[in-house]
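The next block holds one structure in the form of structure tokens; read it before the comments.
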Amino acid sequence: QVHLVESGGGLVQAGESLRLSCAASGNIFSVDVMGWYRQAPGKQRELVASITGGRITNYADSVKGRFTIARDMPENTVYLQMNSLKPEDTAVYYCRAVVRLRGSWIANEYWGQGTQVTVSS
């Protein structure tokens, strides 16, 4: 009923930038929190950044000052601008959205399929 489509991953060198995008589509009444998570090999999935409907943002300490999250409310799209990338940022990045469907009082979470970000030293 809801699909999250991510784009923008790739291979870059340390110090370079990437911009991730995630668009939510489907039977959507409203989108509450949107965010980005990442999972490196052998590690647990962790929050990178999130943004509420009121545009309140939250960042992992490891990305503060380097990454910026933003959203386009009418398009139900969230962006992650990643600057000064480091090899330790290498991971699969997943988009997450908390969505209220039309005709429902319940909010459900949905995940994208993931996009690979690789930073070489």
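The values are calculated or read from the model by the stated rules, or taken from the named source; none is laboratory data. Computed from a predicted model, the values in this text were never measured in an experiment. We place every Cβ from the backbone using ideal geometry, glycine too, and count neighbours over all the protein chains shown. Ligands, DNA and RNA are excluded from the accessible area calculation, which covers all protein heavy atoms including side chains. Shrake-Rupley method; radii C 1.70, N 1.55, O 1.52, S 1.80 Å.
Below is a table of values for the structure above.
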| read-out | value |
| --- | --- |
| Any chance GLU88 is open to solvent by 40 Å² or more (accessible area, probe 1.4 Å), of a type outside the set (A, V, I, L, M, F, W, C) and assigned to a helix (DSSP H, G or I) | yes |
| Verdict on ILE51 being out of contact with any Cys (no Cβ under 6 Å at 6 or more places or on another chain), at pLDDT 95 or above and surrounded by fewer than 16 Cβ atoms within 10 Å (Cβ to Cβ) | no |
| Selection count where residues are over 15 Å from the mean Cα position of the chain (by Cα) and either part of a strand (DSSP E or B) or among the polar types (S, T, N, Q) (or both), scope region 44-85 | 3 |
| Residue within region 34-47 that is free of Cβ contacts under 8 Å to residues at least 24 places away in the same chain and under 16 Å from GLY112 (Cα atoms) present | yes |
| Pair list, Cβ under 6 Å, 6 or more apart: region 10-23 residue at pLDDT 95 or above, other residue exposed (fewer than 13 other Cβ atoms within 10 Å of the Cβ) and assigned to a loop (DSSP other than H, G, I, E, B) | ALA14/SER121 |
